[in-house]
Amino acid sequence: MTLLEEAQTLDLQCWKDDLHTHPELSFQEKRTTALIRERLTALGLELIDLGMETGAAALLRGAHPGKTTALRADIDAIAQQEAPHDGAVSQVAGVMHGCGHDFHTTALLGAAELLSRRREELTGTVVFLFQPAEEITQGAKAMLAHGLWERLPEKPHCLFGLHNRPELPAGQIAVMEGPVMSGKSHFTITLHGVAGHGGSPHKCTDVIVAGAAVVNALQTVVSRNTDPLDSVVCSVLSIQSGTPDNFVPDTLTMTGSIRAHRSEAAAHAQQRLEELTVGVSAAYGCTAEVAFLPDVPPTVNSPAMTALARKAALALVKPEQVVSPAPDMGSEDFAVFGQEVPAFFYWVGSGFPGMHNPCWHNEHFRTDDSALPLAAALLAQSALTALEAG
């Protein structure tokens with residue numbers, strides 16, 4: 001029986017439905033964590049105590065000495081009310097697995113079972129990481145801050161992760177070299193003017209007018225200040241100022257994010273955002289403060305890791321099922337682990353063939369769970385391929 005055929009015998013749908021009907025938000029994944037730890041213990045894996053209430057890490061030691069490789073899945077849900085549909089639906093009001101992390105968790109649990117059955121022939125050690133709080137891009141940092149690598153027998157020599165992709169039909173695996181998802185930094189802009197009466201605008205310095213001009217000017221960060229061959233997004237996502245009354249406010253705050261596939265492009269966008277904000281604000285008689293909060297780096301697959309991933313994928317599916325779509329501008333804190341160890345990030349097709357498949361974070365989002373065995377087998381095969389490569 002092949003690895004994929006064996007994965008198809010696992011009760012993955014049952015596990016996934018259970019997770020899907022009981023979604024939990026970032027750093028609140030206590031029920032999910034308990035189920036994961038229970039399942040890993042039943043498989044005879046060694047749980048690693050990170051001193052965290054949510055998330056899990058476990059070891060599978062092969063019968064033969066060798067290197068250590070790691071597999072990762074995220075476990076949290078989003079604040080979204082799921083639309084009714086046939087099949088398992090969230091039983092928690094206002095919370096749903098709208099990004100498919102239940103799919104990822106199930107796949108990694110499946111991989112753990114597949115590999116645990118091969119313990120006697122396994123050369124090396126496999127680490128299973130069930131990461132909390134990906135949706136707020138803080139979970140990977142938290143696991144590292146709690147001494148993840150130090151609590152393992154040795155730091156993994158490589159790491160694999162995956163994410164479902166509704167734009168790809170079930171049965172496809174995306175193996176991409178280079179940027180896969182963007183890095184992200186947040187910014188906060190605070191404008192200061194002079195308050196006054198709405199009937200005497202000439203006696204005030206109106207931050208709302210200045211703020212509107214700043215928002216318009218920031219559109220040029222991408223359209224006129226970025227190489228067209230670079231992928232950059234600069235978005236103002238919130239503005240707060242004033243009251244419904246007849247006062248001209250003296251303070252305005254706006255927040256947003258910059259996303260890019262290259263760190264150099266992100267740095268240039270930040271520089272231009274600050275220059276434009278300060279200059280335009282001054283032209284309207286206001287002063288401006290700009291603060292940046294780096295969040296996650298880009299997710300980038302190296303040539304060496306891509307070669308391993310492609311070999312693993314081709315061990316499971318036909319060459320025409322291995323595809324290389326365009327990168328995405330979303331961000332993933334899997335990249336934080338990738339700053340520490342060589343890492344590879346797959347996309348696994350989760351779309352229903354021939355149907356419209358709503359995107360991540362949509363109330364109608366669903367995964368074609370016929371792809372679950374392939375996802376589980378892919379993670380397991382990636383670990384085997386990496387350990388065999390030595």
* Asked: Limited to the stretch 106-132, what total is found for residues that are over 19 Å from GLU6 (Cβ atoms) and surrounded by 24 or more Cβ atoms within 10 Å (Cβ to Cβ)?
  -> 5
* Any idea which of LEU168, LEU252, LEU144, LEU191 is in the same structural domain as GLU53 (by TED's automatic domain parsing), touching a residue at least 60 places away in the same chain (Cβ under 8 Å) and in contact with a strand residue (DSSP E or B) (Cβ under 8 Å, 6 or more places away or on another chain)? -> LEU168
* Does the stretch 153-166 contain at least one residue that is modelled with pLDDT of 95 or more, within 16 Å of the chain's Cα centre (by Cα), part of a strand (DSSP E or B) and of a type in the set (Lys, Arg)? -> yes
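When the residues of the stretch 133-147 are filtered to those that are part of a loop (DSSP other than H, G, I, E, B) and of a type in the set (A, V, I, L, M, F, W, C), which remaining residue is surrounded by the fewest Cβ atoms within 10 Å (Cβ to Cβ)?
That would be ILE136.
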* **Matching residues in the stretch 271-292 - criterion: being among the polar types (S, T, N, Q) and either buried (at least 19 other Cβ atoms within 10 Å of the Cβ) or out of contact with any helix residue (DSSP H, G or I) (no Cβ under 9 Å at 6 or more places or on another chain) (or both)** => GLN271, THR277, SER281
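Identify the residue in the stretch 233-280 that is among the acidic types (Asp, Glu) and not in a helix (DSSP H, G or I) and, among all such residues, is nearest to ALA195 (Cα to Cα). Even if it seems obvious, please write down each step before you answer.
Of the stretch 233-280, the ones among the acidic types (Asp, Glu) are 245, 250, 264, 274-275.
This time we only want the ones that are not in a helix (DSSP H, G or I), so: 245, 250.
Working: ASP245: 13, ASP250: 4 Å.
Taking the candidates together, the pick is ASP250.
Table: residues versus (1) touching a residue at least 24 places away in the same chain (Cβ under 8 Å); (2) more than 17 Å from the chain's Cα centre (by Cα); (3) surrounded by fewer than 22 Cβ atoms within 10 Å (Cβ to Cβ).
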| position | (1), (2), (3) |
| --- | --- |
| PRO297 | yes, no, yes |
| ALA315 | yes, yes, yes |
| PHE334 | yes, no, no |
| GLY338 | yes, no, no |
* Of everything in the stretch 206-254 that's of a type in the set (Asp, Glu) and surrounded by fewer than 12 Cβ atoms within 10 Å (Cβ to Cβ), which residue is farthest from GLY178 (Cα to Cα)? -> ASP245
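Among MET355, MET329, MET305, which is the only one that is among the aliphatic types (A, V, I, L, M), free of Cβ contacts under 8 Å to residues at least 12 places away in the same chain and in the same structural domain as THR106 (by TED's automatic domain parsing)?
On the way: MET329 fails: free of Cβ contacts under 8 Å to residues at least 12 places away in the same chain; MET305 fails: free of Cβ contacts under 8 Å to residues at least 12 places away in the same chain.
Result: MET355 is the single residue among MET355, MET329, MET305 that is among the aliphatic types (A, V, I, L, M), free of Cβ contacts under 8 Å to residues at least 12 places away in the same chain and in the same structural domain as THR106 (by TED's automatic domain parsing).
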* Under 6 Å between Cβ atoms, at least 6 apart or on separate chains: pull out the pairs that start in the stretch 113-128 with a residue that is small (Gly, Ala, Ser) and end on any residue that is assigned to a helix (DSSP H, G or I) and modelled with pLDDT of 95 or more. => GLY124/LEU387
* **Conditions (1) within 24 Å of the chain's Cα centre (by Cα); (2) touching a residue at least 12 places away in the same chain (Cβ under 8 Å): number failed by GLY87** => (1)
* **Residue count, the stretch 56-67 (criterion: touching a Ser or Thr at 6+ places or on another chain (Cβ under 7 Å) and either within 19 Å of ALA140 (Cα to Cα) or part of a loop (DSSP other than H, G, I, E, B) (or both))** => 3
* To do: Determine, yes or no, whether LEU71 is modelled with pLDDT of 95 or more and surrounded by 24 or more Cβ atoms within 10 Å (Cβ to Cβ).
  => yes
* Asked: Restricting attention to the stretch 1-55, which residues are touching a residue at least 12 places away in the same chain (Cβ under 8 Å), farther than 21 Å from CYS99 by Cβ and in a helix (DSSP H, G or I)?
  -> LEU3, LEU4, GLU6, ALA7, ARG37, ARG39, LEU40
* To do: Considering each of ASP86, ASP76 in turn, give the residue that is among the acidic types (Asp, Glu) and closer than 19 Å to MET143 by Cα.
  => ASP76
* Extreme residue, nearest to PRO23 (Cα to Cα), among residues of the stretch 340-382 that are surrounded by fewer than 22 Cβ atoms within 10 Å (Cβ to Cβ) and aliphatic (A, V, I, L, M) -> MET355
* Test ASP230 against the criterion of being of a type outside the set (Phe, Trp, Tyr), touching a Pro at 6+ places or on another chain (Cβ under 9 Å), over 30 Å from ALA383 (Cα atoms) and touching a residue at least 24 places away in the same chain (Cβ under 8 Å), and give yes or no. => no
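The values are calculated or read from the model by the stated rules, or taken from the named source; none is laboratory data. This structure is a prediction, so every number in the text was calculated from the model and none was measured. Methodologically, a virtual Cβ is constructed for each residue, glycine included, from the backbone with ideal geometry; neighbour enumeration extends over all protein chains shown.
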